[in-house]
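Participant: The structure's right below; bear with me while I get my questions together.
The values are calculated or read from the model by the stated rules, or taken from the named source; none is laboratory data. If you're wondering where the values come from, they're calculated on a predicted model, not measured in any experiment. Here Cβ is always computed from backbone atoms with ideal geometry, including for glycine, and neighbour counts include all displayed protein chains.
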Amino acid sequence: MVANVPTVAPGKYTVYLGPVINPTTSTHFDILPNCLVVVDPKGNIERLIENLPHGSELQNVLGQIGVPDGRYSLVVLEHGEFLMPGLIDTHIHACQLPNLGLGGDHELLDWLEKYTYPTERRFSEIDYAARIYPEIVERIINSGTTTSCYYGTLHLEATKLLADIVRSKGQRAFVGKCNMDRNCPSYYIEPSAHVSLETTKLLVAHIQNLPQSSAGEPLVHPVITPRFAISCTEQLLTDLKKYVETNPHIAIQTHISENQQEVKKTLELFPDCTSYAGVYDKYKLLRSNTILAHGVYLTDEEMKLIAQRGAGVSHCPASNFYLGSGMARVRKLLDHGVKVGLGTDVSGGNSPSVLYAIQMASNTSKMVAILPNEGGKKFDVAMLLYLATLGGAEVCCLQDRIGSFKEGKAFDALLVNVRDDSGNPAVWGYNPNRDLAEGDCLKKEVLKEWLERFFFCGDDRNIRQVIVQGSVIGGQGRQG
Ligand code: GUN
Ligand code: FE
C-alpha cells in the first residue's frame with residue numbers, strides 16, 4: 001500500500017511568474033527573463049508565455065488565456081530565482097549511497113568485490129531497506145533529481161520497497177532489480193537464471209500496479225537490469241532475451257565498457273562475440289529503450305551499432321574519474337547519433353548530485369579536447385544543460401513528457417535560488433543590497449550567469465523547490 005502520494009490540489013492551476021531557462025537542443029537554450037507558466041491541475045504545462053511584457057496586468061492575461069479566476073495559486077519568483085527543467089539522472093545505484101566516498105583507490109572489479117557487494121548484501125534484510133531507502137530517495141530528490149534511473153540490489157522485496165518509496169515521494173523514476181547469477185561472491189548471487197527471471201517478472205508486475213500520476217500515466221517504470229555481461233550466464237541472457245522480446249515497451253539498463261579489465265574479461269567470457277556491445281546485441285538487449293552506462297572504451301564500430309539500435313548512453317564522468325576508469329568520448333558518441341544523458345553512478349560516482357556530474361562532464365570534455373587525435377570541442381553551458389535535461393529525457397524515451405518546458409509536457413522543474421541568502425558561500429549570486437532593485441529588468445546575460453554559477457558552484461541549498469508533475473516534492477522551501 002502506497003501512502004501519502006502527493007497530488008495537485010483538485011481543480012487548481014498553478015501559475016509561475018518569473019525567469020525561465022529552457023533547453024531546446026544540444027547547442028541552444030532559451031533565456032527568458034520574464035515568463036508566465038500555467039500548470040494545469042494534472043501537473044502538465046498548459047501555457048508558456050515566453051516574453052510577458054513588463055507591467056502586464058496578470059488578471060487580464062490569465063483571463064485571456066482562460067485560467068479561471070480564483071482557481072489558481074500564484075508563485076511569483078523573487079529576484080535571484082529562476083525555473084529550469086528538473087535534472088535527470090540516467091544511472092544511479094540507490095543501494096550504494098551508504099558507500100559514498102569510500103573505495104576510490106580501487107578500480108571497478110576490485111571495488112565491486114571489496115566495497116559494493118558487501119554493501120548491497122545488507123538489503124537482504126527488509127528492515128534495513130525500510131530504514132534507509134526513504135532517506136536515500138529524499139536526499140536524491142533534494143539534490144534536484146526529478147527523474148532517476150535506479151538500480152536496486154538483487155533482492156526482490158527490497159527493490160519492491162524502493163519502488164514504493166519512490167512512488168510515495170512522487171519522484172519520476174525507473175526501478176530495476178539486478179540480474180546476476182555468476183562471477184559474484186557466494187553471499188551475493190542469484191541461485192539460478194530461472195530465479196533471476198521469475199523475480200524480475202514479479203518486480204515488473206509490482207511496479208506496473210503502482211498508482212498512476214495525476215496525469216493518468218505511470219510515474220515509476222520497471223526496468224530490466226542485467227547488471228553487466230560478466231555477472232550474467234548465457235542461460236540468463238537467453239532467458240532475458242525471450243522476455244524482453246515479448247515485452248518491447250519495458251526499458252533495459254546495464255553497464256558497458258567502463259573499465260579496461262572489465263572489457264577484457266567480458267570478451268574472454270563471450271569468445272564468439274567480437275565486441276562488448278556485440279554481446280548485448282546477441283541477446284537483443286540493445287534497443288531504443290536501453291540505457292547503457294559508461295561506454296568509456298566503445299569503438300567506432302560499437303558506437304555505430306548502438307546508434308543503429310537506437311540505444312542511449314549514460315555518461316557517468318564523476319564515476320569514471322573516481323574509479324579511475326577513463327574518459328568517455330561523448331562528442332564522438334553524439335556525432336555517431338547516439339543519445340547521451342548524464343548519470344551520477346553512485347557510488348562509483350562520489351556524489352548523488354547531477355550538478356556534480358555536470359561539472360565532471362565539463363572537465364572530461366576539456367581533457368578529451370586536448371588529447372592528441374581527439375580534437376573534440378569542449379562543452380559549453382548549452383551542451384551541459386542539454387545532457388542534464390533533454391538528453392537524459394531522450395535516453396529514457398521520455399522526451400515527449402519531460403526534459404524541457406513545452407505546452408502539453410509534464411511540469412518537472414527546479415525553482416533555483418542563487419540569492420546570497422541561500423546560504424551557499426560558493427555562489428556569488430544575487431544580493432538585494434548589491435544588485436538589481438525590485439522592478440528592474442533582468443538582463444539575459446545576468447540570467448545566463450545565474451545558470452552558470454548554479455551549475456559550477458551550486459548545491460542543494462540553491463534548490464528552493466523540486467517539482468514533479470506539477471507537485472512540489474522537495475527542495476529547501478518545501479512546506480510540510
Ligand atoms: N559494473 C557492474 N556493477 C557495477 C556497479 O555497481 N557500479 C559500476 N560503476 N559499474 C558496475
Ligand atoms: Fe553503475
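Participant: Does the stretch 100-122 contain at least one residue that is away from ligand 1 (no atom under 16 Å from the Cβ), touching a Leu at 6+ places or on another chain (Cβ under 9 Å) and aliphatic (A, V, I, L, M)?
Facilitator: The answer is no; no qualifying residue exists.
Participant: Do you know which of the residues in the stretch 326-339 that are more than 16 Å from ligand 2 (Cβ to nearest atom) and of a type outside the set (D, E, K, R) is farthest from the chain's Cα centre (by Cα)?
Facilitator: 336
Participant: One residue is enough: does the stretch 118-137 have a residue meeting the conditions polar (S, T, N, Q) and touching a strand residue (DSSP E or B) at 6+ places or on another chain (Cβ under 6 Å)?
Facilitator: No, every residue in the stretch 118-137 fails to be polar (S, T, N, Q) and touching a strand residue (DSSP E or B) at 6+ places or on another chain (Cβ under 6 Å).
Participant: Shifting gears a bit: Kindly check whether there is at least one residue in the stretch 10-19 that is among the hydrophobic types (A, V, I, L, M, F, W, C) and within 16 Å of ligand 2 (Cβ to nearest atom).
Facilitator: no
Results for (1) over 16 Å from the mean Cα position of the chain (by Cα); (2) within 16 Å of ligand 2 (Cβ to nearest atom); (3) among the polar types (S, T, N, Q), shown as yes or no for each residue.
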| site | (1), (2), (3) |
| --- | --- |
| 86 | no, no, no |
| 97 | no, yes, no |
| 100 | yes, yes, no |
| 111 | yes, yes, no |
| 133 | yes, no, no |
| 136 | no, yes, no |
| 156 | yes, no, no |
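Participant: Restricting the search to the stretch 229-262, which residues are β-branched (Val, Ile, Thr), within 16 Å of ligand 2 (Cβ to nearest atom) and either closer than 15 Å to residue 112 by Cβ or without any contact (Cβ under 8 Å) to a residue 24 or more places away in the chain (or both)?
Facilitator: Step one: of the stretch 229-262, the residues β-branched (Val, Ile, Thr) are 230, 233, 238, 244, 246, 250, 252, 254, 256.
Adding the requirement that they be within 16 Å of ligand 2 (Cβ to nearest atom) leaves 230, 252, 254, 256.
230, 254, listed by residue number.
Participant: Please enumerate the residues belonging to the stretch 281-297 that are in contact with a His (Cβ under 9 Å, 6 or more places away or on another chain) and away from ligand 1 (no atom under 15 Å from the Cβ).
Facilitator: Correct list: 289 only.
Participant: Keeping to the stretch 150-180, report how many residues are part of a loop (DSSP other than H, G, I, E, B) and surrounded by fewer than 24 Cβ atoms within 10 Å (Cβ to Cβ). Full working, then the answer.
Facilitator: First, the residues of the stretch 150-180 that are part of a loop (DSSP other than H, G, I, E, B): 152-155, 170-171, 177, 180.
Imposing the further condition that a residue be surrounded by fewer than 24 Cβ atoms within 10 Å (Cβ to Cβ) reduces the set to none.
Selection size over the stretch 150-180: 0.
Participant: Across the stretch 303-324, what is the number of residues that are small (Gly, Ala, Ser), buried (at least 22 other Cβ atoms within 10 Å of the Cβ), farther than 14 Å from residue 363 by Cβ and within 14 Å of ligand 1 (Cβ to nearest atom)?
Facilitator: Initial filter on the stretch 303-324 (small (Gly, Ala, Ser)): 307, 310-312, 314, 318-319, 324.
Still in the running and buried (at least 22 other Cβ atoms within 10 Å of the Cβ): 311-312, 314, 318-319.
Now narrow it down to the ones that are farther than 14 Å from residue 363 by Cβ: 311-312, 314.
Applying the additional criterion that residues be within 14 Å of ligand 1 (Cβ to nearest atom) yields 314.
So the answer is 1.
Participant: Answer yes or no as to whether residue 344 is assigned to a helix (DSSP H, G or I), among the hydroxyl-bearing types (Ser, Thr, Tyr) and touching a helix residue (DSSP H, G or I) at 6+ places or on another chain (Cβ under 6 Å).
Facilitator: no
Participant: Anything in the stretch 328-340 that is within 16 Å of ligand 1 (Cβ to nearest atom) and either in a strand (DSSP E or B) or touching a residue at least 60 places away in the same chain (Cβ under 8 Å) (or both)? List them, or say none.
Facilitator: Result: no residue meets the conditions.
Participant: Name the residues in the stretch 418-446 that are surrounded by 15 or more Cβ atoms within 10 Å (Cβ to Cβ) and closer than 26 Å to residue 28 by Cα, would you?
Facilitator: 418, 419, 427, 429, 430, 442, 446
Participant: Can you tell me which residue in the stretch 238-272 is farthest from residue 290 (Cα to Cα), limited to those that are of a type in the set (Ser, Thr, Tyr) and outside any strand (DSSP E or B)? Even if it seems obvious, please write down each step before you answer.
Facilitator: Restricting attention to the stretch 238-272, the residues satisfying the condition of being of a type in the set (Ser, Thr, Tyr) are 238, 243, 246, 254, 257, 266.
Pick out the ones that are also outside any strand (DSSP E or B) and you get 238, 243, 246, 257, 266.
Details: 238: 17, 243: 14, 246: 15, 257: 15, 266: 19 Å.
Checking each candidate, the answer is 266.
Participant: Tell me, which residue of the stretch 447-470 that is over 23 Å from residue 351 (Cβ atoms), over 18 Å from the mean Cα position of the chain (by Cα) and in contact (Cβ under 8 Å) with a residue 24 or more places away in the chain is surrounded by the most Cβ atoms within 10 Å (Cβ to Cβ)?
Facilitator: Per the stated criteria, the residue is 447.
Participant: So, residue 207, is that one under 19 Å from the mean Cα position of the chain (by Cα) and more than 16 Å from ligand 2 (Cβ to nearest atom) or not?
Facilitator: Against the criterion (under 19 Å from the mean Cα position of the chain (by Cα) and more than 16 Å from ligand 2 (Cβ to nearest atom)), residue 207 qualifies.
Participant: Are any residues in the stretch 218-231 within 16 Å of ligand 1 (Cβ to nearest atom) and either in contact with a Ser or Thr (Cβ under 8 Å, 6 or more places away or on another chain) or of a type in the set (Phe, Trp, Tyr) (or both), and if so, which ones?
Facilitator: 224, 225, 226, 227, 228, 229, 230
Participant: Right, here's the next one. Scan the stretch 74-101 for residues that are in contact with a Cys (Cβ under 8 Å, 6 or more places away or on another chain) and of a type in the set (A, V, I, L, M) and report the count.
Facilitator: The total comes to 3.
Participant: List the pairs whose first member sits in the stretch 145-167 and is of a type in the set (Asp, Glu), whose second member is modelled with pLDDT of 95 or more, and whose Cβ atoms are under 8 Å apart, counting only residues at least 6 apart or on separate chains?
Facilitator: 157/126; 157/129; 164/210
Participant: Same structure, new question: With 87, 102, 97 as the choices, which residue is touching a helix residue (DSSP H, G or I) at 6+ places or on another chain (Cβ under 8 Å) and surrounded by fewer than 17 Cβ atoms within 10 Å (Cβ to Cβ)?
Facilitator: Testing whether each residue is touching a helix residue (DSSP H, G or I) at 6+ places or on another chain (Cβ under 8 Å) and surrounded by fewer than 17 Cβ atoms within 10 Å (Cβ to Cβ) leaves just 102.
Participant: Please specify each residue of the stretch 263-295 satisfying the condition of being away from ligand 2 (no atom under 16 Å from the Cβ) and of a type in the set (Gly, Ala, Ser).
Facilitator: If the condition is that a residue be away from ligand 2 (no atom under 16 Å from the Cβ) and of a type in the set (Gly, Ala, Ser), then 275, 277, 278, 288 are the ones that fit.
Participant: Of everything in the stretch 252-280 that's crowded, with 20+ Cβ neighbours inside 10 Å and of a type in the set (D, E, K, R), which residue is nearest to ligand 1 (Cβ to nearest atom)?
Facilitator: 258
Participant: Against the condition farther than 23 Å from residue 124 by Cβ, crowded, with 20+ Cβ neighbours inside 10 Å, in contact (Cβ under 8 Å) with a residue 12 or more places away in the chain and not β-branched (Val, Ile, Thr), how does residue 196 come out, does it pass?
Facilitator: So residue 196 fails the test.
Participant: Same structure again: Grab the helices (runs of 4 or more DSSP H) fully contained in the stretch 352-428, keeping just those with 3 or more residues being within 21 Å of residue 43 (Cα to Cα).
Facilitator: Helices (runs of 4 or more DSSP H) meeting the threshold: 390-395.
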